[in-house]
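Trainee: Could you have a look at this structure, given as structure tokens, before my questions?
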Amino acid sequence: MGRRRAIIIFGPPGAGKGTQAERLLRDFALEHIATGDILREAVANDTPLGRQAKQYMDAGRLVPDEVIIPIVEERMRTVPGDRGFLFDGFPRTVAQADMLFDAARRVGAPVEKVIYLRTPAEVIVTRLASRRICRRCGAVYNLVTKPPKTDGVCDACGGEIYQRADDTEETVRNRLAVYEAQTADVMGFFRARGLVVDIDGGLPADESYPAIAASVGTGS
Ligand code: AP5
């Protein structure tokens, strides 16, 4: 049985948010709200949201707040009352952070922790150039640190493995610049509230996970 609370996993593109979120979801009663995944699904299904978001994502820019905020509010409403939230890729602006803290309080799920994966830019560029994803189940691979057993085929479901359109070096550098210009400031918002747990995102994922899990606590 879980409890109502919100955890945020935060950091620059490629810091390992999705990688560590997968471990937290295994160990704690949390529902994953990953805005990048929601948007990529909308693009794949060619929905009106997907058509609107695609131009921003392909350029490595942020989708406007007025588009993404209502989507997160709607998604929060679908989470059962006995489960917590794990936000990944959200919030990315101070306006998004304001919305999230208000909404979380309203539904009785206060933000308990912000796990900050501090990761150097050069590590990120290398990681994202070698990231691959399963088109069918979304499993994340890395040609250097976590290659699939068979080239181009997902170990978990046999689906086709592809490279994200925004993982080219040029777009990754744009995403990093956007992070510095629009998202890094959100850390000030979190620090002022005393919620931040600093983690070295440059370490191998299995080495940093115990500190992350300890900060999230028992989860019960
Ligand atoms: P989103 O999907 O959220 O992308 P991101 O924040 O750029 O983060 P990534 O998914 O690229 O990286 P990650 O930190 O999850 O790393 P991962 O675990 O995969 O957003 C995409 C786009 O959508 C945005 O650019 C924007 O346009 C839009 N968007 C999304 N949310 C939005 C919002 N709130 N507002 C506005 N627009 C929004 O790891 C990366 C690679 O490294 C993998 O290959 C992995 O295997 C490997 N790896 C991970 N950790 C380690 C480690 N510790 N050691 C070695 N390798 C590692």
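Trainee: Of all residues being in a loop (DSSP other than H, G, I, E, B) and within 30 Å of ARG193 (Cα to Cα) in region 114-168, which is farthest from the ligand (Cβ to nearest atom)? Just the residue, please.
Mentor: To start, the set of residues in region 114-168 that are in a loop (DSSP other than H, G, I, E, B) comprises 119-120, 130, 135-139, 143-145, 147-149, 151-152, 154-159, 163-164, 168.
If we keep only those that are within 30 Å of ARG193 (Cα to Cα) as well, we get 119-120.
Working: THR119: 8, PRO120: 12 Å.
Looking at the filtered set, the residue picked out is PRO120.
Trainee: Can you give me the number of residues within region 112-142 that are surrounded by fewer than 16 Cβ atoms within 10 Å (Cβ to Cβ) and over 25 Å from VAL178 (Cβ atoms)?
Mentor: 3
Trainee: Restricting attention to region 198-220, which residues are part of a helix (DSSP H, G or I) and in contact (Cβ under 8 Å) with a residue 60 or more places away in the chain?
Mentor: The answer is ALA205, SER208, TYR209, ILE212, ALA213, SER215, VAL216.
Trainee: Here is a further query. How about region 17-46: which of its residues are more than 12 Å from the ligand (Cβ to nearest atom), without any contact (Cβ under 8 Å) to a residue 40 or more places away in the chain and within 29 Å of SER215 (Cβ to Cβ)?
Mentor: Answer for region 17-46, where residues must be more than 12 Å from the ligand (Cβ to nearest atom), without any contact (Cβ under 8 Å) to a residue 40 or more places away in the chain and within 29 Å of SER215 (Cβ to Cβ): just ARG26.
Trainee: Could I ask something else about it? Being at pLDDT 95 or above and within 18 Å of GLU180 (Cα to Cα) narrows it down to one residue among ILE33, ILE9; which is it?
Mentor: Result: ILE9 is the single residue among ILE33, ILE9 that is at pLDDT 95 or above and within 18 Å of GLU180 (Cα to Cα).
Trainee: Of the residues in region 47-75, how many are more than 9 Å from the ligand (Cβ to nearest atom) and among the small types (Gly, Ala, Ser)?
Mentor: Going through region 47-75 one residue at a time, the tally reaches 1.
Trainee: Further question: Going through region 104-126 one residue at a time, which ones are in contact with a Ser or Thr (Cβ under 8 Å, 6 or more places away or on another chain) and charged (D, E, K, R)? Don't jump to the end; show me each part of the working.
Mentor: The initial filter retains those residues of region 104-126 that are in contact with a Ser or Thr (Cβ under 8 Å, 6 or more places away or on another chain), namely 113, 115, 117.
LYS113 - this is the single residue of region 104-126 that is in contact with a Ser or Thr (Cβ under 8 Å, 6 or more places away or on another chain) and charged (D, E, K, R).
Trainee: Count, please, the residues in region 93-110 that happen to be surrounded by fewer than 20 Cβ atoms within 10 Å (Cβ to Cβ) and either more than 10 Å from the ligand (Cβ to nearest atom) or not polar (S, T, N, Q) (or both). Break it down stepwise before answering.
Mentor: If we filter region 93-110 for residues that are surrounded by fewer than 20 Cβ atoms within 10 Å (Cβ to Cβ), which is where we start, we get 93-95, 98-99, 101-103, 105-108, 110.
Next, only the ones that are either more than 10 Å from the ligand (Cβ to nearest atom) or not polar (S, T, N, Q) (or both) stay: 94-95, 98-99, 101-103, 105-108, 110.
Within region 93-110, residues that are surrounded by fewer than 20 Cβ atoms within 10 Å (Cβ to Cβ) and either more than 10 Å from the ligand (Cβ to nearest atom) or not polar (S, T, N, Q) (or both) number 12.
Trainee: Out of region 169-197, which residues are among the β-branched types (Val, Ile, Thr) and not in a helix (DSSP H, G or I)?
Mentor: Answer for region 169-197, where residues must be among the β-branched types (Val, Ile, Thr) and not in a helix (DSSP H, G or I): VAL196, VAL197.
Trainee: Would you mention how many residues in region 5-40 are part of a helix (DSSP H, G or I) and touching a Pro at 6+ places or on another chain (Cβ under 8 Å)?
Mentor: Residues that pass the stated criteria total 0.
The values are calculated or read from the model by the stated rules, or taken from the named source; none is laboratory data. Because the structure is predicted, anything quoted here is derived from the model rather than measured. Every residue, glycine among them, receives a Cβ derived from its backbone with ideal geometry; neighbour counts consider all protein chains shown.
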